[in-house]
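Read through the structure below, which is laid out as structure tokens, and then see the notes.
The values are calculated or read from the model by the stated rules, or taken from the named source; none is laboratory data. Please read all numbers here as calculations on a predicted model, not as lab measurements. For neighbour counting, all protein chains shown are included, and Cβ atoms are generated from backbone atoms with ideal geometry for every residue, glycine included.
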Amino acid sequence: MSNSRFDVRFDPGQADSRWQAAWDDARCFEADSHSDKPKSYVLEMFPYPSGRIHIGHVRNYTMGDVLARYKKMRGHEVLHPMGWDAFGMPAENAAMEKGVHPAGWTHDNIDTMKRQLKQLGFALDWSREIATCDPEYYGHEQALFLELYKAGLVYRRTSAVNWDPVDMTVLANEQVVDGRGWRSGALVEKRKLNQWFLKITHFAQDLLDGLGNLQNWPEKVRLMQENWIGKSTGLQFAFDLSNGEKLEVYTTRPDTIFGASFVAVAADHPLAQGVASTNCDAAKFIDLCKQGGTTAAELETAEKLGFDTGIGAKHPFTAEYLPVYIANFVLMDYGTGAIMAVPGHDQRDFDFATKYGLPIVRVIAASADQAAAPLTEAEAGDGICVNSGFLDGMSVADAKAEVIKRIEAAESGEGKTVWRLRDWGVSRQRYWGTPIPFIHCDACGVVPVPNDQLPVTLPEDVDFSIPGNPLERHPSWKHADCPTCGKPARRETDTLDTFVNSSWYFLRFASQPADKPFDKAEVAQWLPVEQYIGGIEHAILHLLYARFWTRALAYCGLVEVKEPFASLFTQGMVTHEVYSRRDGPREIYFTPGEVERSSEGAVLKADGQKVDIGKVIKMSKSKKNVVDPEDIIADYGADAVRWFMLSDSPPERDLPWSEAGIEGCGRFVQRLWRLFGQFDGDASGEDKALDRKTHQTVHAVSADIEALSFNKAVARLYELTSALEKTQPSASRNEAIRAILLMVSPMMPHLAEEGWEALGHDGLAAMAAWPEVDPALLVEDEVTIAVQHKGKLRDTLTVAKGLPKEELEALALASEKVQRSIDGAEVRKVIVVPGRLVNIVT
RNA sequence: GCGGGCGUGGCGGAAUUGGUAGACGCCGGGGACUUAAAAUCCCCUGAUCCACGGAUCGUGCGGGUUCGAGUCCCGCCGCCCGCACCA
């Protein structure tokens, strides 16, 4: 029986939009919070609406989509939402550069990108779409901010902040990279401003402890967060100085105190400033410290430099005076900005001491008789104390406790835990963000905007032709009456960091009442997110802030969960070769579309001349090694593009884009279509071997998808397809075709729907059940045994499964090839691994 | 400099976690069909040697453990990512 639907090639141009419309009409991807099915919340990091989607988005959202569709077919109620991280600087930059309004620019981008996402056939619940620039969203955010304020987690303080002279905005310390704005790249200046802060440090210990439970997060992300939080325990104590003052230092190694040979302070430490005021050499040295490279790598490989202040610091136990240096490797904003330096057991101190001829004393050794062993480099490892007076013979841990005890008894210091993590500065002097809902009244001070006056919306008539904050300059917006006394007052003109927007969007996706940010019970239905997928670049800031914000809301009693993301997956980048030509001092780049690539090299289509082939790196506009998703969808269809995103490379690794690869995917789409066409309703009879292959494949593909090992699932599906093409019509074959159609449905949903319909099924393949596995069919009744002689493969045997060891051994020894290899030597030992191999040792 | 990760054919990568290395895809080669092309299908495709039966070598390099190592241990080399000189 032939089915004429399959006589023509599968046409994505027709099928893609038809099925996208069908899914919309059936509203089949809208999540029901009241369903009694098991719930699965699959979430990919929502995009910033920059203009058009890029290939990285396609990879990210395809992975999530396969998981979401798979979960649905497995009978879960799936929440798979999408929205827009819509506040941020690029909109203001566009406003400044092109004279467009940030809102209009953002909404145009959202329209374009939404249309592009729809072309890919993602199973998204668009009814829950969020744009963070929507007053409905940021109004709720203002309400949450006020809740945190009431709970004492919000405060203002005057502090030196990072002022970005290009963006005219303040950056959090964490957002300054190498002394430059992490987005603008402009050199950051220090300015004092009144800022709003969130008390993330209140949760430092809890954020650290929580990492221990995040077993389904990549180890490296947990490690990065741990290091970022940076807990250390040590001793803070004061040295008496020769000039009569005191100097507080912090050390994590009080056990090495007898090895201290000098004291060092940061260039911007008050002591250094004091010395500089009367000593111009010191002032010059401080200036020198502020020059030079600012990246971590540069700083760490830079030569250690110091300036001897001439001041002495009295050692608390030996009463010896140690020289006090100003040093370029001491940081002001960690600990007290001053250290006791122990060259024997800290490499930086060692380098410094070597340069300035200061004593290097061993105070930790593997054993007491190693006390005099010379030090060629600093030894940071464990051991026992030597050359350390009353500490001699103690372990590092005991010595730490002993020193802290004695210093505390002498009341010159105390044991102290120091965190690297600092409170989160959320103030931004920008227009395109969430207005901070406060009013400044001369009489009443800083007053929160009452809830019934929320949202505080942004004014629409703003001027971007001059730099600075348009809210500050707006003729009327900032004038408001004090909610307490009713007198004329001023609105807060700072807006919130956009990381606040992305710190709770996953809650709003789960529950969207009109009158409050979310419903506690409904959030509890969905959270935590079962699988969160996004880029590694958010390993620290976004993920830590989201973890903090969720804890803060739990602290306020608004949610029950503390950890928002149960599993995290960080996907790799999409890469491509770079094509370029040298033009004098400049490198001219060409897009892959402008270049003809062959095995010999690459030529520019326009002039037929060679271009240089560069490294395979992340697709970026500046290097022009990009492909536009919309172009490739038009050429190959959404399913081929999706299939490519899942094939070959493991999802956490980089995926090299290739024209040949996408062509292969396009061919496979047609190959499957032809295979569907071979479904023969009249065929009967069973093919046991094929049944087994089918069920093994379903089993393996299920496990692969659950582990996000899409590349392995793809390989299995290729394998089953090839096996099927070699078989004759039978009931087994029909079942296999049906199974393969359903298995590719999450990956190539349009093809699957078209095939499902053509084969006469009612309803949508997207709503169909995932094929069942019969465990009995997973077991083979025959196995192939490797026969080795002295560990080298000589022969293979195909035998019945479960054959006893003795019989296996006899069969192996009977093998002609094995006998030839043994060549009459004495068999000393035979190792038999049932079901696997026989190894004969002579 | 510190922390983390990775090195497997021409390429992307598999390998049941100590048990037949190279699954699957791409590229390439040969053939079938066709007037021809596209499309499709079949075969070959790690290296070297070969009497065409096979043999030897082979998972960055050098050692080691083991009946057996891509996998475990020690020491190198190279590449990638992150970074905050955190005392």
Of all helices (runs of 4 or more DSSP H) fully inside segment A:1-98, the set with 2 or more residues that are in contact with a strand residue (DSSP E or B) (Cβ under 8 Å, 6 or more places away or on another chain) and at negative phi is A:55-73
Residue pairs qualifying under the 8 Å Cβ cut-off, at least six apart or on distinct chains, with the first in segment A:768-791 being farther than 27 Å from residue A:742 by Cα and the second being within 13 Å of RNA strand B (Cβ to nearest atom) and small (Gly, Ala, Ser), are A:783/A:835; A:785/A:812; A:785/A:835; A:787/A:812; A:787/A:815; A:789/A:821
Those residues of segment A:338-357 that are in contact (Cβ under 8 Å) with a residue 12 or more places away in the chain and more than 15 Å from RNA strand B (Cβ to nearest atom) come to a total of 0
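Take segment A:742-764 and flag every residue that is more than 33 Å from the chain's Cα centre (by Cα) and in a helix (DSSP H, G or I).
Of all residues in segment A:742-764, those more than 33 Å from the chain's Cα centre (by Cα) come to A:753-764.
Listed by number, the residues that qualify are A:753, A:754, A:755, A:756, A:757, A:758.
Report, by residue number, each residue of segment A:241-292 that is of a type in the set (Gly, Ala, Ser) and either within 11 Å of RNA strand B (Cβ to nearest atom) or within 21 Å of residue A:358 (Cα to Cα) (or both). Show your work before the answer.
In the first step, residues of segment A:241-292 are kept if they are of a type in the set (Gly, Ala, Ser); the result is A:242, A:244, A:259-261, A:264, A:266-267, A:272, A:274, A:276-277, A:282-283, A:292.
The answer is A:242, A:259, A:260, A:261, A:264, A:266, A:267, A:272, A:282, A:292.
Is segment A:148-158 home to any residue that is without any contact (Cβ under 8 Å) to a residue 40 or more places away in the chain and not in a helix (DSSP H, G or I)?
Taking segment A:148-158 and keeping what is without any contact (Cβ under 8 Å) to a residue 40 or more places away in the chain, we get A:158.
This time we only want the ones that are not in a helix (DSSP H, G or I), so: A:158.
Yes, segment A:148-158 has at least one match.
Going residue by residue through segment A:235-252, is there one that turns out to be of a type in the set (Ser, Thr, Tyr), touching a helix residue (DSSP H, G or I) at 6+ places or on another chain (Cβ under 6 Å), modelled with pLDDT of 90 or more and surrounded by 17 or more Cβ atoms within 10 Å (Cβ to Cβ)? Give the derivation first.
Of all residues in segment A:235-252, those of a type in the set (Ser, Thr, Tyr) come to A:242, A:250-252.
Narrowing the set further to residues that are touching a helix residue (DSSP H, G or I) at 6+ places or on another chain (Cβ under 6 Å) leaves none.
No, every residue in segment A:235-252 fails to be of a type in the set (Ser, Thr, Tyr), touching a helix residue (DSSP H, G or I) at 6+ places or on another chain (Cβ under 6 Å), modelled with pLDDT of 90 or more and surrounded by 17 or more Cβ atoms within 10 Å (Cβ to Cβ).
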Scanning segment A:36-53 residue by residue, the ones that are out of contact with any Lys or Arg (no Cβ under 8 Å at 6 or more places or on another chain), within 10 Å of residue A:525 (Cα to Cα) and either of a type in the set (Ser, Thr, Tyr) or in contact (Cβ under 8 Å) with a residue 60 or more places away in the chain (or both) total 2
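Return the only residue of A:197, A:203 being at pLDDT below 95 and away from RNA strand B (no atom under 16 Å from the Cβ). Walk me through it before giving the result.
Working: A:203 fails: away from RNA strand B (no atom under 16 Å from the Cβ).
None of the others qualify; the one that does is A:197.
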When (1) of a type in the set (Ser, Thr, Tyr); (2) crowded, with 17+ Cβ neighbours inside 10 Å; (3) near RNA strand B (Cβ under 10 Å from one of its atoms) are applied to residue A:232, the one that fails is (2)
**OP:** Kindly establish whether residue A:634 is under 18 Å from residue A:121 (Cβ atoms), more than 16 Å from RNA strand B (Cβ to nearest atom) and either charged (D, E, K, R) or at pLDDT 80 or above (or both).
**Re:** yes
Conditions (1) within 16 Å of RNA strand B (Cβ to nearest atom); (2) more than 23 Å from the chain's Cα centre (by Cα); (3) among the hydrophobic types (A, V, I, L, M, F, W, C); (4) modelled with pLDDT of 80 or more -> residue A:574 fails only (2)
Inset, instruction - With the condition kept exactly as written, say whether any residue in segment A:685-695 is in contact with a Lys or Arg (Cβ under 7 Å, 6 or more places away or on another chain), over 22 Å from residue A:5 (Cα atoms), assigned to a helix (DSSP H, G or I) and charged (D, E, K, R). - result: no
Here the residues within segment A:319-337 that are more than 6 Å from RNA strand B (Cβ to nearest atom) and touching a helix residue (DSSP H, G or I) at 6+ places or on another chain (Cβ under 7 Å) are A:326, A:327
Q. With respect to residue A:733, is the statement that it is buried (at least 22 other Cβ atoms within 10 Å of the Cβ), more than 12 Å from RNA strand B (Cβ to nearest atom) and more than 29 Å from residue A:20 (Cα to Cα) true?
A. yes
Going through (1) in contact with an Asp or Glu (Cβ under 6 Å, 6 or more places away or on another chain); (2) among the basic types (Lys, Arg); (3) modelled with pLDDT under 80 one by one, residue A:597 fails only at (1)
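Given segment A:459-542, what helices (runs of 4 or more DSSP H) lie entirely inside it while holding 3 or more residues that are in contact with a Pro (Cβ under 9 Å, 6 or more places away or on another chain) and at pLDDT 90 or above? First the steps, then the outcome.
Values: elements: A:470-473, A:498-501, A:505-510, A:520-526.
Per the criteria, A:505-510.
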